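Okay, structure first, notes after.
The values are calculated or read from the model by the stated rules, or taken from the named source; none is laboratory data. Since the structure is predicted, the reported quantities are computational estimates derived from the model, not experimental observations. Here Cβ is always computed from backbone atoms with ideal geometry, including for glycine, and neighbour counts include all displayed protein chains. These area figures cover heavy atoms from the full protein model, side chains too; ligands, DNA and RNA do not enter into them. Shrake-Rupley method; radii C 1.70, N 1.55, O 1.52, S 1.80 Å.
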Amino acid sequence: MLEIGRRVEGGGLFVVAAHVTKSEAERIRQERLALVCREVCAGCRQVFDRRQVPEGRPIGYYGQYCSEPCRNSKEQEIKDLALQKSVSGQVVLIIDADDPYCYVATNNGPRDKEHQHSHYSFKMLTETQEFPDSKLSLDYCFLDRPIVSLSTQRLYPLVRFALVRIDSYARSMWAIVGATMEEGIATSFGVGSVPIIIDLRTTRMDSLPEEKRA
């Protein structure tokens, strides 16, 4: 066997039989690379090639968008849904219907003109496991955007997050909330509050006509 090519994102070295010509090996490598780099945009749902996007790279923390407008549109959709289902100081976990992602949205409340900050802010610690039996990794962030803060998480086999809610005026902590997504199943916990879970993978009972609820 003859190793031809280089290490690429999502795959190792391409290996072909020794009798394959260099040009044919390059063609095979390009075809496989195209398959590796194909992605479904979490915004417009179109398949795109991750090598052929603005600035030469996908958009978003996980590279899940083909363009900045798609990312902005999707994030606004998630924020609007979180605002519809929550009040100031609450946390909303939204599990998307088609995407391998979930979204943690915090309702921070309106920004106070005098104090120049939102009523609530949140500190979040996230624990993820990318593959079964792999080590756990931790990540920390501070969610203090005006109105709604948003954090996107890939639905790995295991994702946990915990947040503390801080009252900006009283400068004190008033709630600890969190959730665990394990093999796609979400459970929540909380002291002082609990996260609102919106699972778009299932049909919500309150969206069905009354004759179908019985």
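Considering only the stretch 47-76, state which residues are among the basic types (K, R) and either out of contact with any strand residue (DSSP E or B) (no Cβ under 6 Å at 6 or more places or on another chain) or outside any helix (DSSP H, G or I) (or both).
Once the filter is applied, which keeps residues that are among the basic types (K, R) and either out of contact with any strand residue (DSSP E or B) (no Cβ under 6 Å at 6 or more places or on another chain) or outside any helix (DSSP H, G or I) (or both), the stretch 47-76 yields R50, R51, R57, K74.
Restricted to the stretch 190-202, and to residues that are in a strand (DSSP E or B) and more than 20 Å from the chain's Cα centre (by Cα), which residue is surrounded by the fewest Cβ atoms within 10 Å (Cβ to Cβ)?
My answer is V191.
Determine whether M181 is among the aliphatic types (A, V, I, L, M), modelled with pLDDT of 95 or more and part of a strand (DSSP E or B).
Against the criterion (among the aliphatic types (A, V, I, L, M), modelled with pLDDT of 95 or more and part of a strand (DSSP E or B)), M181 does not qualify.
Of all residues in the stretch 118-143, how many are modelled with pLDDT of 90 or more and at positive phi?
Of the residues in that region, 0 qualify.
Inspect all residues belonging to the stretch 40-49 and state whether any of them is open to solvent by 20 Å² or more (accessible area, probe 1.4 Å), modelled with pLDDT of 90 or more and acidic (D, E).
Within the stretch 40-49, not a single residue is open to solvent by 20 Å² or more (accessible area, probe 1.4 Å), modelled with pLDDT of 90 or more and acidic (D, E).
Condition check ((1) under 17 Å from the mean Cα position of the chain (by Cα); (2) surrounded by 13 or more Cβ atoms within 10 Å (Cβ to Cβ); (3) modelled with pLDDT under 95; (4) not in a loop (DSSP other than H, G, I, E, B)) across all residues:
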residue	(1), (2), (3), (4)
L81	yes, yes, no, yes
S88	no, yes, yes, no
A97	yes, no, yes, no
A105	yes, yes, no, yes
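Can you tell me how many residues within the stretch 133-149 are in a strand (DSSP E or B) and in contact (Cβ under 8 Å) with a residue 24 or more places away in the chain?
Final tally of qualifying residues: 4.
Give the number of residues within the stretch 161-178 that are in a strand (DSSP E or B), open to solvent by less than 30 Å² (accessible area, probe 1.4 Å) and at pLDDT below 85.
Of the residues in the stretch 161-178, 1 are in a strand (DSSP E or B), open to solvent by less than 30 Å² (accessible area, probe 1.4 Å) and at pLDDT below 85.
R213 is checked against (1) modelled with pLDDT of 90 or more; (2) touching a helix residue (DSSP H, G or I) at 6+ places or on another chain (Cβ under 7 Å) and fails just one. What number does that condition carry?
Result: R213 fails condition (1) only.
In this structure, is L136 surrounded by 14 or more Cβ atoms within 10 Å (Cβ to Cβ), more than 21 Å from M173 (Cβ to Cβ), of a type outside the set (S, T, Y) and out of contact with any Phe, Trp or Tyr (no Cβ under 6 Å at 6 or more places or on another chain)?
Spelling it out, it is not the case that L136 is surrounded by 14 or more Cβ atoms within 10 Å (Cβ to Cβ), more than 21 Å from M173 (Cβ to Cβ), of a type outside the set (S, T, Y) and out of contact with any Phe, Trp or Tyr (no Cβ under 6 Å at 6 or more places or on another chain).
Which residues, taken from the stretch 150-160, are free of Cβ contacts under 8 Å to residues at least 60 places away in the same chain, in a strand (DSSP E or B) and open to solvent by less than 40 Å² (accessible area, probe 1.4 Å)?
Hits for the stretch 150-160 are S151, Q153, L158, V159.
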